[in-house]
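The structure appears below as structure tokens.
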């Protein structure tokens, strides 16, 4: 008996060691691209392609290029306008549409819901060409309306809000109705606070997606005065010889705000993911 | 304070052929200041009736009056009713104070008046020390009082309860039902109380409306329902353990009536019943007798039987006895001592307390 217990303890220890080893390997695989990005950003050597993992010379030229770039403030402002404009509009739209789909009885409700789900199945990039043609016909290329309004329509956000509202028991709402609350009071004072973890998670995801969005702004607002940070980074570093360290330092700069946000909101993220249970 | 009148109230969910008649032609008058119970099994339409009165559902047919005002099509907020939900529906993201103040804030009352009224009602319900807490820090009983406070703080015309005690444990429930009854009598607000627990309805309510399949079975005081149930449904639904129902026939021998079960058991009936029951001679009827009116003893009863099981509950001892007939008929009575299973015993029935029901319509004959 004693022998057996000892044996099983040893087996358990070996299994634990293997699990830890696998974890460590996975973490290294995850960290590697980040390490590579950060290391590349501080070493300039145009003659080595691909760049060395640990650069032979150290330089902050890439960072200087962006930080002291006179257009940097414009890109930053454009990025903030794009990120927060789209996130705000999209969130508002998702709240109202989600509430309507979850709580209001109107003919064609389930048709609309499935229609929106269908939209979710389609890769967003597929819609770019038809949207581009539409925006040209509406003369909205290189305008804020063209840049900000189309990406506000997010099937994923609507779906997420509808599911979150569905999960709130009807009693809360009916108690408020009997107490004399209006629909606006019910939505903003009762329902939204109850789905706060999901809502915050959704907003955070949206901020990150929009902050990193490269293709849409370039597609519909290629004019220099609408350039966002990702566009600025890409188009400044672009030349006949590719300067990897410039791209890399631009990417590191781009990474800082979402990373900070993630860290601060970590607690909400973990709670919200448990509720939302899915990611785009 | 108002009188609530329901006239031919009907609620149908869905469209034929998949429709459900939740409330069927319900006529009911709830007196000013009365505590009325809506009692029935699940799916009997009691909660739907309450929601119709609250305005959360619009009736398919019929009218609802508060005094002489037709409120049938008014939205809930214009009816001035308050409701306590089974789940309490206390908002988890607001402090107790804000929960209670919520209906007053919606009415945009001045801040100092809100504070004063919330404090007064909290003191009245004994939760004044909980006002700064979050609902997650409260027990079931405390949550229930918060829900009550939120309903009371508005001083509504009609108070609606949707099984408010079913989430409490047994001890707390018994405590709370006495509290609710006293509260309602103190305030005199017309109240309607939905429950499936007959004991709760009997303790709390002035009158009880028993519903089944959306139809009103009987309306009366708890005593009336218990002593003169209008049909088999009410007879077996009210009272615990339920009334014994035995099928048999009425036979006449020399100007005296007997209740006969399968030609084997013969129970002589009181002379006073002769006039009414002689119409049923030779016909099947259902005899109803409450367990407390059946005495089980070793010798001396009028019917022989074998003990099926005996249940000792401390203050009372129920004995179930199988009658010596083909079909399995078990009568529950009270015993003088615990009996062994299968023991021969005799049953004595208090013949002044028997009820008879028509075998076809299941309605009360006597």
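Every read-out reported here was derived from the displayed coordinates using simple, explicitly stated rules and does not represent laboratory data. In this text, all values refer to a predicted model and were calculated from it rather than measured experimentally. As a convention, Cβ positions derive from the backbone with ideal geometry for all residues, glycine included, and neighbour counts pool all protein chains shown.
Between residue A:53 and residue B:275, how many nm apart are label points set 7 Å from Cα along the C-beta direction? Going from the residue A:53 label point to the residue B:275 one covers 11.0 nm. Among the residues of B:98-108, the average count of other protein chain beta-carbon atoms within 10 Å of the residue beta-carbon is 3. Each residue in A:225, B:306 was given a count of other beta-carbon atoms within 10 angstrom of its own, and listing them fewest first yields A:225, B:306.
Shown is the FRET efficiency for residue B:1 and residue A:168, computed with R0 = 25 Å from the Cβ-Cβ distance and rounded to the nearest 0.05: 0.15.
Label sites at residue B:240 and residue A:39, each approximated as a point 7 angstrom past Cα along Cα to Cβ, lie 7.4 nm apart. Between the helical axis of B:111-124 and the longest alpha-carbon principal axis of chain B there is an angle of about 30 degrees. Look at the stretch A:168-176: the mean tally of other chain Cβ atoms within 10 Å of its residues' Cβ atoms is 6. Taking every alpha-carbon pair under 8 Å whose residues sit at least 6 apart, the range A:62-275 reaches a relative contact order of 35 percent.
The value of relative contact order for the range A:1-59, using C-alpha pairs under 8 Å at least six residues apart, is 23 percent. Helix B:170-187 axis versus longest C-alpha principal axis of chain B: approximately 60°, rounded to the nearest ten.
Counting other C-beta atoms within 10 Å, which of B:107, B:51 has the fewest, and how do the rest follow? Could you put the intermediate results ahead of the total?
Numbers: B:107 12, B:51 21.
Fewest-to-most Cβ neighbours within 10 Å comes out as B:107, B:51.
At what distance in angstrom do the alpha carbon centres of the range A:134-205 and the range B:138-209 lie from each other? When both Cα centres are located, 37 Å separates them.
Given R₀ = 30 Å, what would the calculated FRET efficiency be for residue B:363 paired with residue B:304, taking r from the Cβ atoms and rounding to 0.05? For residue B:363 and residue B:304, the calculated efficiency is 0.45. Using Cα centres only, tell me the gap between the range A:15-47 and the range B:5-54 in whole Å. First find each Cα centre; the distance between them is then 67 Å. A helix-only calculation puts chain A at -22500 deg cm²/dmol for mean residue ellipticity at 222 nm, using -39500 (n - 2.57) for each DSSP H run of at least four residues, averaged over all residues.
Taking the DSSP beta bridges in the protein assembly as shown as the whole, what percent of them are antiparallel, to the nearest 5?
Working: 59 of 80 bridges.
Taking every DSSP beta bridge within the protein assembly as shown, about 75 percent pair in antiparallel fashion.
Note on the range B:67-124 and the range A:66-109: Cα centroid distance 36 Å, given to the nearest whole angstrom.
Distance between the 7 Å Cα→Cβ label points at residue B:312 and residue A:264: 7.1 nm. Multiplying the residue separation of residue A:117 and residue A:29 by 0.36 nm and removing their Cα-Cα distance gives an extension gain of 28.3 nm. By other beta-carbon atoms within 10 Å, ranking A:128, B:312, B:88 with the fewest at the front produces B:312, A:128, B:88.
Pairs of alpha-carbon atoms within less than 8 angstrom and 6+ residues apart define the contacts here; what relative contact order does the range B:1-55 have, in percent? Mind showing how you got there, number by number?
Values: 69 pairs, mean separation 18.7, N = 55.
With pairs under 8 Å counted, the relative contact order is 34 percent.
Per residue of B:296-306, other chain Cβ atoms within 10 Å of the residue Cβ number 0 on average. For residue B:175 and residue B:327, what is the calculated FRET efficiency with R₀ set at 51 Å and r taken between the beta-carbons, to the nearest 0.05? So the FRET efficiency works out to roughly 0.70. In chain B, the longest principal axis of the Cα atoms and the axis of helix B:96-106 are about 70 degrees apart.
DSSP beta bridges fully contained in chain B are about 75 percent antiparallel. Express as a percent, rounded to the nearest 5, the fraction of DSSP beta bridges in the range B:1-116 (both residues included) that run antiparallel. Roughly 100 percent of the beta bridges in the range B:1-116 run antiparallel, per DSSP. Dividing the helix sum by the residues of chain B, where each DSSP H run of 4 or more adds -39500 (n - 2.57), gives a mean residue ellipticity at 222 nm of -7000 deg cm²/dmol.
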